[in-house]
There are 2 protein chains.
Amino acid sequence: MLSLADVEAARERVVRTARETPMRHSHTFSAMTGADVHLKLENFQRTGAFKIRGATNRITTLSAAEQAAGVVTASAGNHAQGVALAASRLGVDAKIVMPEHAPISKVNATRSYGAEVVLHGHDYSEAAEHAHMLEREEDRTYVPAFADEQVMAGQGTLGLEMLEQCPGVDTVVVSVGGGGLISGVATAIKANRPDVRVVGVQAEGAASLPQSLERGEIYERDAVDTMADGIATRRVGDLPFEVIQERVDEVVTVSDPEIAMAVLYLLERSKTLVEGAGAAPLAAVLQERFDYADEETIVACLSGGNIDLNTLTTVIVRGLVETGRYVKFETVLKDRPGALDDLISVISAAKANIYRIQHDRSSRDIDMNAAEVELELETRGHDHVADLIDKLEANGYEVDLLV
Amino acid sequence: MLSLADVEAARERVVRTARETPMRHSHTFSAMTGADVHLKLENFQRTGAFKIRGATNRITTLSAAEQAAGVVTASAGNHAQGVALAASRLGVDAKIVMPEHAPISKVNATRSYGAEVVLHGHDYSEAAEHAHMLEREEDRTYVPAFADEQVMAGQGTLGLEMLEQCPGVDTVVVSVGGGGLISGVATAIKANRPDVRVVGVQAEGAASLPQSLERGEIYERDAVDTMADGIATRRVGDLPFEVIQERVDEVVTVSDPEIAMAVLYLLERSKTLVEGAGAAPLAAVLQERFDYADEETIVACLSGGNIDLNTLTTVIVRGLVETGRYVKFETVLKDRPGALDDLISVISAAKANIYRIQHDRSSRDIDMNAAEVELELETRGHDHVADLIDKLEANGYEVDLLV
């Protein structure tokens with residue numbers, strides 16, 4: 001099984017490509033939770049995520065002949081970028097197979113880090129199959145995303161940094177997809193500091209580890225559905241599972257809306273951009289998904305920052321809705337001069353700001369002499385939204401909330 | 001005139017409320033420019049901007065009697081939050097006057113930092129007038145946003161940190177609104193290191209300093225128009241202007257689209273959220289608005305991170321448009337079964353992803369037997385957009401670009 005010595009050996013190799021990322025105390029999240037919350041900003045890592053650590057350790061431990069033959073992997077995410085940059089920095093040729101419809105930003109980023117991108121297949125499985133074909137035909141070494149001891153050891157270097165940067169830590173919280181990160185981190189932490197608790201977090205729509213731990217054998221989901229694409233895996237790996245069973249104290253889940261709120265809080269309050277998988281640990285802390293004491297020192301590992309800009313826009317809008325700062329609704333007006341004016345006066349008196357109005361007299365769903373209006377407004381919070389709706393209804397408008 | 005001793009004295013006071021913010025080397029922006037670019041992450045400052053430094057120095061240098069009587073100021077922005085938190089940490093009562101229609105997020109943030117918010121007036125001038133009335137009636141001390149030596153000295157502590165954190169610096173780039181920040185920073189830098197160049201940056205839509213320097217007297221604009229609300233001032237202050245004339249080497253301007261692109265790059269590549277005023281210095285570097293040598297060590301001061309989430313959403317969408325990753329257009333279909341299918345096949349063959357389609361058969365602008373379609377697509381860059389439009393036109397569609 002993976003040992004502290006493996007992780008410590010990895011550290012000397014990992015510094016060749018990866019940086020030691022900062023740790024920050026968060027006044028905001030400490031005040032919100034009563035705990036003493038620290039953030040490990042691994043979203044500031046090169047390539048924007050921790051994957052470069054494991055990839056570097058895997059590639060540097062290959063023989064000279066293996067390095068000369070090059071590496072290959074399949075991924076549409078952070079692993080692709082981690083392998084690409086690690087390989088190019090170490091002078092090793094890399095081919096990364098990505099599904100044909102992989103997000104353009106990820107394809108471009110992977111290319112920019114110096115790898116050859118091969119677009120193949122409709123999904124990850126087809127891409128992986130093609131990558132294994134290249135492994136055989138071109139004699140390349142396949143770099144696994146998590147189920148590999150050298151990869152796990154590389155990710156574990158994050159655990160060493162967390163102990164050094166926050167020696168008073170009581171609990172470390174880490175997200176879990178395939179389990180490579182948490183198995184490395186738990187190994188580093190438990191060997192040094194058995195008193196430090198390690199908590200794993202999965203997205204509800206991709207949770208398999210709680211079931212696996214309960215059954216004592218790996219449970220594989222039929223499908224996954226979460227905005228946290230970095231941990232959207234159907235099962236954990238065999239090697240990581242062994243380590244997790246022995247060294248992880250607790251595993252909890254968080255929902256996508258909870259993850260989205262954590263992304264938004266990190267952006268708005270901490271001014272830092274984190275992807276869904278990276279925000280899940282903070283979401284678990286904010287939702288008190290596990291017990292912690294007042295002033296307990298908690299490190300949330302923000303493992304990556306590669307969130308798609310479109311996803312981010314959706315997260316921002318949903319966050320505004322959930323905190324009552326944005327409302328979208330439909331109502332019906334008599335189609336006569338002044339009708340829109342009257343509606344706007346009510347809104348203005350309620351002190352809501354209008355973002356957008358769409359006025360449609362041609363909708364087939366309503367009377368010929370009426371008009372449908374869709375409004376998007378900036379509001380001050382849930383009480384303000386309730387007050388606004390009351391005022392509209394008191395003035396005879398039916399309000400149909402759209403978000 | 002403001003001296004290094006003033007700034008050094010301020011430093012001992014400023015640490016009571018403000019943190020020393022980190023400096024980061026940026027591989028991305030160094031590669032993009034050929035210079036050695038470092039980022040001073042003042043967006044990580046408490047309250048999200050540098051203003052707490054000056055406010056703290058002003059408040060701690062008041063007499064005990066003045067502190068007991070409390071302070072007052074007018075602001076709809078970062079100064080409001082800086083004074084609010086500085087005062088509450090120092091145990092001084094603060095009233096902050098904000099215009100009635102100030103952004104809700106700023107009002108809430110200012111309250112959360114422990115100040116009493118007074119909503120008064122339609123614009124900043126009316127709010128300021130009311131604040132000066134409170135100054136007289138309640139015997140409070142007015143804390144100016146920039147035209148005050150203690151405020152300028154407090155902001156100057158940022159300059160001391162930049163010299164210490166990046167001793168090899170050749171050029172420091174700082175944004176300019178009223179001039180409080182740059183006058184403090186230039187004082188700290190020129191007294192210690194006269195060889196270090198200090199460059200000021202204004203938003204085109206709020207530029208007054210280049211004209212003022214040329215004339216040798218302060219020029220005041222009639223109006224301002226920029227997304228960088230933190231530096232949207234009509235003129236610089238008298239005291240800052242004196243210092244700027246003597247100690248700032250160069251002043252340049254950047255446009256709003258250039259600022260927006262810098263905000264987007266910082267978010268996407270550096271995973272950090274910066275407001276318009278905070279991104280302006282990086283925009284000036286990226287646009288080579290001033291000359292610099294290969295490998296010249298440049299520190300861009302990211303002075304704040306309090307960007308409105310709605311503004312941010314707009315910035316993201318505009319950034320996607322400018323980099324060819326989002327396109328929105330309108331076209332007209334024959335209104336017959338299969339017409340939409342045909343259009344979608346062309347788009348799909350061109351490998352663009354569809355975000356949103358709006359299909360409207362009732363528009364009054366077109367023939368009775370036609371339908372208008374509005375499409376929003378994800379694309380791979382400008383070449384891909386051009387290729388897509390070619391393919392649509394070759395298939396007989398007229399394409400009317402909407403963004």
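I'd like the full set of residues that are surrounded by fewer than 24 Cβ atoms within 10 Å (Cβ to Cβ), part of a helix (DSSP H, G or I) and among the aliphatic types (A, V, I, L, M), limited to region A:172-197.
A:ALA191, the sole residue that qualifies.
Please work out if B:VAL7 is over 30 Å from A:TYR113 (Cβ atoms), buried (at least 23 other Cβ atoms within 10 Å of the Cβ) and touching a residue at least 24 places away in the same chain (Cβ under 8 Å). It would help to see each step written out before you state the result.
Values: over 30 Å from A:TYR113 (Cβ atoms): yes; buried (at least 23 other Cβ atoms within 10 Å of the Cβ): yes; touching a residue at least 24 places away in the same chain (Cβ under 8 Å): yes.
Judged against the criteria, B:VAL7 is a match.
Can you tell me which of B:GLU20, B:GLU42 is buried (at least 19 other Cβ atoms within 10 Å of the Cβ), among the acidic types (Asp, Glu) and closer than 21 Å to B:ILE182 by Cβ?
B:GLU42
In region B:284-300, which residues are closer than 15 Å to B:THR253 by Cα and of a type in the set (A, V, I, L, M, F, W, C)?
Answer for region B:284-300, where residues must be closer than 15 Å to B:THR253 by Cα and of a type in the set (A, V, I, L, M, F, W, C): B:ALA284, B:VAL285, B:LEU286, B:PHE290, B:ALA300.
Considering only residues that are under 18 Å from B:THR226 (Cβ atoms) and of a type in the set (S, T, N, Q), look in region B:286-312 and name the one that is farthest from the other protein chains (Cβ to nearest Cβ).
It comes out as B:GLN287.
Take the residues in region B:112-140 that are within 14 Å of chain A (Cβ to nearest Cβ) and not in a helix (DSSP H, G or I); name whichever of them is surrounded by the most Cβ atoms within 10 Å (Cβ to Cβ).
That would be B:TYR113.
Of all the residues that make up region A:32-68, how many are out of contact with any strand residue (DSSP E or B) (no Cβ under 9 Å at 6 or more places or on another chain) and either without any contact (Cβ under 8 Å) to a residue 40 or more places away in the chain or away from chain B (no Cβ under 14 Å) (or both)?
Within region A:32-68, residues that are out of contact with any strand residue (DSSP E or B) (no Cβ under 9 Å at 6 or more places or on another chain) and either without any contact (Cβ under 8 Å) to a residue 40 or more places away in the chain or away from chain B (no Cβ under 14 Å) (or both) number 13.
Being part of a loop (DSSP other than H, G, I, E, B) and within 14 Å of chain B (Cβ to nearest Cβ) is true for just one of A:VAL274, A:VAL169. Which residue is that?
Step by step, each of A:VAL274, A:VAL169 is checked, and only A:VAL274 is part of a loop (DSSP other than H, G, I, E, B) and within 14 Å of chain B (Cβ to nearest Cβ).
Being of a type outside the set (S, T, N, Q) and away from every other protein chain (no Cβ under 13 Å) narrows it down to one residue among A:VAL321, A:VAL317, A:VAL327, A:VAL399; which is it?
That would be A:VAL399, the only listed residue that is of a type outside the set (S, T, N, Q) and away from every other protein chain (no Cβ under 13 Å).
For region A:373-396, name all the residues that are within 14 Å of chain B (Cβ to nearest Cβ) and aliphatic (A, V, I, L, M).
Passing the criteria: A:LEU377, A:VAL385, A:LEU388.
Here is a check on your reading of the model: is B:GLU100 at pLDDT 95 or above and not hydrophobic (A, V, I, L, M, F, W, C)?
Answer is no for this residue.
If I ask for residues that are within 11 Å of chain A (Cβ to nearest Cβ), under 22 Å from the mean Cα position of the chain (by Cα) and of a type outside the set (Gly, Ala, Ser), which ones from region B:90-111 would you list?
The answer is B:HIS101, B:PRO103, B:ILE104, B:VAL107, B:ASN108.
Go through (1) farther than 30 Å from B:HIS25 by Cβ; (2) small (Gly, Ala, Ser); (3) touching a Ser or Thr at 6+ places or on another chain (Cβ under 7 Å) one by one and return the number of the condition B:ALA277 breaks.
Among (1) farther than 30 Å from B:HIS25 by Cβ; (2) small (Gly, Ala, Ser); (3) touching a Ser or Thr at 6+ places or on another chain (Cβ under 7 Å), the lone unmet condition for B:ALA277 is (1).
The values are calculated or read from the model by the stated rules, or taken from the named source; none is laboratory data. Small disclaimer: the values here were computed from a predicted structure and weren't measured. Ideal geometry is used to build each Cβ from the backbone, glycine not excepted, and the neighbour counts take in all protein chains shown.
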